[in-house]
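Notes follow the structure.
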Amino acid sequence: MGALTELHGEPVVAGDASGKAVVSDRPLSLWGGLDPETGEVIDRHHPLSGRRISGLVFSIPTGRGSCSASGVLLEAIRAGTGPAAVILSRPDPIIALGAILAEELYGLVVPVVIVGEEDRCRIMDGDSVKIDRDGVVTVGSVLARPGSHPRPTT
C-alpha cells in the first residue's frame, strides 16, 4: 500500500466501514442496474457490468433514475450482497433512502458519504478505503498488479 490520503466528506448515513473500492465515473441506476441477489452490476452498458459490489466501497458520481433504486439497494443490503459503503460526488436521495431504510428496518448500517468530485476522483479502483462516522475517508493506494482492474476511464 502506498501513502494514505485523507478526504473530508459529508455523511448522509453515518457509520464506520472499510473495504476495497469499486469505482466508476458514470452514474448507475440500481433499478435494472444491480442484481440485489448477487450484488452484480447487470447494466450491460455500464463500465462496471459484471463486477460485484458486495462488501466493497462503491464510488460513483451519483445514482441515476428510478425511485425503485432505493428498494434495490435496501434488498441488497438485507441480503448481504450490498456495498460496505457508498461514496458519491453529489447528494442522491434515492441511494440515501435505501441505506436509511436498511438501518431503520434491519439495523444494518451502510455509510453514504458525499465528497467533492475532485476528491472522489482521487479514489482509484482497488484502493483500500476506510470511512468513519464523521465522513472522513482514508484512502490507501494499491500498486497495480497484473490482472487487477484499472480505474474505468469513461
Practice problem: Could you tell me what percent of the DSSP beta bridges with both partners in region 30-117 are antiparallel, to the nearest 5? | Solution: 35
Quiz item: For region 93-105, what does the Karplus curve 6.51 cos²θ - 1.76 cosθ + 1.60, with θ = phi - 60°, yield as ³J(HN,Hα) per residue in whole Hz, taken in order and with x for Gly and Pro?
Solution: x, 6, 5, 4, 4, x, 6, 4, 5, 4, 5, 5, 7
Self-check item: Cα centroid of region 11-41 to Cα centroid of region 55-96, whole Å
Solution: 5
Self-check item: Selection of GluC sites (Glu not before Pro), region 28-89, meeting DSSP coil and at most 15 other Cβ within 10 Å
Solution: 37
Quiz item: With labels modelled as points extended 7 Å from the Cα through the Cβ direction, what inter-label distance (nm, one decimal) is found for residue 37 paired with residue 78?
Solution: 1.5
Exercise. Starting with the highest mean, order 111-123, 5-17, 82-94 by the number of other Cβ atoms within 10 Å, averaged over the residues of each peptide.
Key: 82-94, 111-123, 5-17
Quiz item: Mind listing the phi-derived Karplus ³J(HN,Hα) values for region 119-129, rounded to whole Hz, using 6.51, -1.76 and 1.60 with θ = phi - 60°, and x for any glycine or proline?
Solution: 5, 4, 5, 7, 8, 9, 3, x, 4, 7, 10
Quiz item: Are there trypsin sites (Lys or Arg not before Pro) in region 39-86 that DSSP marks as loop and that have at most 14 other Cβ atoms within 10 Å, and which are they?
Solution: 44
Quiz item: Per residue and in Å³, how big is the convex hull formed by the alpha-carbon atoms of the chain?
Solution: 95
Exercise. In nm, give the distance between the simple-model label positions of residue 105 and residue 117, each being 7 Å from the Cα along the Cα-to-Cβ direction.
Key: 3.3
Quiz item: Under a Cβ-Cβ cut-off of 14 Å, what is the net charge of the residues other than residue 134 that fall near it, where Lys and Arg count +1 and Asp and Glu count -1?
Solution: -2
Quiz item: Restricting the count to DSSP beta bridges whose residues both fall in the chain, what percent are antiparallel, rounded to a multiple of 5?
Solution: 65
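Each reported figure results from applying straightforward, stated rules to the coordinates on display, with no laboratory input. Predicted, not measured: the structure shown is a model, and the values here were computed from it. We place every Cβ from the backbone using ideal geometry, glycine too, and count neighbours over all the protein chains shown.
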